[in-house]
Amino acid sequence: MPTLRRPVALSLVTAAALAAGAVGYGGYQLESALRSSGSAVAVGGTSAGTEPARWGGRWYAGGAWDGDGWSGSGGDASLGDGSLGAGTGNGGTTGGTGSGGTAGATGSAGTATATGTTTEATAGQVRGVVDIVTTVDYGQSQAAGTGIVLTSSGEVLTNNHVVDGATTITVTVLSTGRSYGATVVGTSPANDLAVLRLRGASGLTTAPMGTSASLAVGQAVTGVGNAGNDPGTSAASGTVTALDQQVTASDGDGTSETVTGLVRTSAPIQAGDSGGPLLDSAGKVVGIDTAAETSGYGGQTVAGYAIPIDHALDVAAAILSGTDDATYHQGVPAFLGVQTGDSGTYAGSSVAGVPVLGVVSGSAAQGAGLQAGDTITRVGGTAVSSQTGLTAVLSRRSPGDRVVVDWVDAAGVAHHATVTLGSGPAD
């Protein structure tokens with residue numbers, strides 16, 4: 001298992017945010033060092049290790065790369081200098097910050113340090129539990145998280161923010177030590193959940209499922225996971241301190257996502273535990289560890305948050321049934337592989353279309369001959385005149401689709417080519 005400098009596949013917030021009840025949750029990416037400005041900083045998502053790659057000062061996550069940051073094929077990802085991007089729609093979310101990047105966050109207040117303890121997980125506690133390590137930003141960084149085995153054939157449930165932006169996923173079954181490559185079956189960013197499928201897996205031991213319907217304040221619970229991507233597996237014990245909690249995390253331009261119905265605990269959940277099981281005293285899964293409040297950078301956990309397992313299993317069932325809409329996304333988004341700017345922003349171009357600022361190596365765009373200085377005018381027969389328009393057209397496509405792309409080069413010569421769209425990072 002690779003060693004990560006800073007696995008942040010779990011969202012955290014600073015001490016200053018706690019007075020206002022600030023809570024960060026997943027679905028955001030942040031570069032390897034915590035950036036702080038103002039009263040709240042969300043630290044979460046999937047980015048870890050080295051800084052997310054930059055190209056011309058812009059961060060990327062997937063889909064079409066706009067003037068502020070990469071956006072996935074189904075949604076813009078707003079990311080100006082010094083702000084935290086959230087991303088929406090079927091496209092991948094973006095993340096990372098410039099220096100001084102900030103994120104506002106609101107939610108249930110936590111006022112005391114978590115009173116639980118952390119020990120090494122037992123063999124029984126890791127039954128049906130997996131470690132998840134992803135490569136994000138096309139190999140520029142890595143991240144770590146946790147998941148639970150749903151089926152013996154290899155379907156795994158985890159947080160969406162654990163795999164958000166991932167281009168490769170490796171899953172290790174803790175009870176056997178065997179590792180598998182994994183693909184994304186589907187995601188639900190709004191619920192911060194995702195289902196993976198392990199390649200070539202069979203005969204796996206599934207996680208022992210309980211029910212969250214009977215959870216009560218004061219009940220003993222234990223969060224099991226890949227804390228810090230350190231050797232071994234942690235078991236963070238505590239008690240349920242509140243039910244039906246709501247957490248909202250927002251970026252600097254007001255884009256926000258909310259997760260409701262969460263279980264708050266005193267278990268000292270850490271970065272990397274995201275997607276792991278919250279167990280009751282009988283060792284049954286009653287929740288999916290999702291977020292934490294901390295007392296500051298490198299500080300102690302104030303509270304842990306988990307998605308109730310009954311709701312999580314309903315979401316997983318919808319994904320596995322093939323539901324594909326605004327809430328549930330099947331597979332990964334289509335990927336053209338262009339960095340784009342606002343109309344007419346590159347080299348004084350006056351052509352109506354979307355200027356190309358750069359092209360991803362090995363992408364469909366590069367294969368078609370697109371390069372910096374070109375202006376895309378149509379995709380699949382639909383005229384495009386903005387980054388948003390290009391993103392919208394791509395969101396209606398799937399990886400492997402063949403589409404005709406029309407563009408005009410810097411000399412004013414028109415071109416067109418049929419391309420096969422690639423697979424973008426998970427959203």
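Distance between the 7 Å Cα→Cβ label points at THR168 and THR117: 4.1 nm. Per-atom-type breakdown for the range 287-337 gives carbon and sulfur 51% of the accessible area (1.4 Å probe, protein chains only). The accessible surface of the range 131-278, taken with every protein chain in place and a 1.4 Å probe, is 46 percent carbon and sulfur.
Using mean Cβ contacts within 10 Å as the protection proxy, how do 216-222, 302-308, 161-167 order, highest first?
Details: 216-222: 15.7, 302-308: 27.1, 161-167: 29.7.
By packing density, highest mean first, the sequence is 161-167, 302-308, 216-222.
Extents of the range 350-427, taken as max minus min of Cα coordinates on every principal axis and listed largest first, are 35, 23, 20 Å.
Backbone N atoms of the range 190-219 closer than 12 Å to the 7 Å Cα→Cβ label point of ALA317 are not found in any residue. Eigen-decomposition of the gyration tensor built on the alpha-carbon atoms of the range 385-427 gives equivalent ellipsoid semi-axes of 22, 14, 9 angstrom, largest listed first. Rolling a 1.4 Å probe over the protein heavy atoms gives the range 165-213 an accessible area of 38 Å² per residue. When you count the other C-beta atoms within 10 angstrom of each residue and take the mean per peptide, 318-325, 419-426 line up highest first as 419-426, 318-325.
Extending 7 Å from the Cα toward the beta-carbon at both ARG396 and SER202 defines two label points whose distance is 4.2 nm. For LEU193, the amide hydrogen comes within under 5 Å of the amide hydrogens of ASN160, SER188, counting only partners 5 or more places away or on other chains and with H modelled in the peptide plane.
Using R₀ = 51 Å, calculate the FRET efficiency as 1/(1 + (r/R₀)^6) where r is the Cβ-Cβ separation of THR418 and ASP230; round to 0.05. Present the calculation step by step, with values, prior to reporting the outcome.
Values: r = 48 Å, r/R0 = 0.95.
Computed FRET efficiency for THR418 and ASP230: 0.60.
Peptides 353-359, 268-274 ranked from most to least packed, by the mean per-residue count of other Cβ atoms within 10 Å: 268-274, 353-359.
Label positions at GLN330 and ALA372, each projected 7 Å from the Cα along the C-beta direction, are separated by 3.9 nm.
The values are calculated or read from the model by the stated rules, or taken from the named source; none is laboratory data. What you see is a predicted model; the values in this text were computed from it and never measured. No Cβ is skipped: glycine too gets one built from the backbone with ideal geometry, and neighbour counts run over all protein chains shown. Heavy atoms of the whole protein, side chains included, go into the accessibility calculation; ligands, DNA and RNA do not. Shrake-Rupley method; radii C 1.70, N 1.55, O 1.52, S 1.80 Å.
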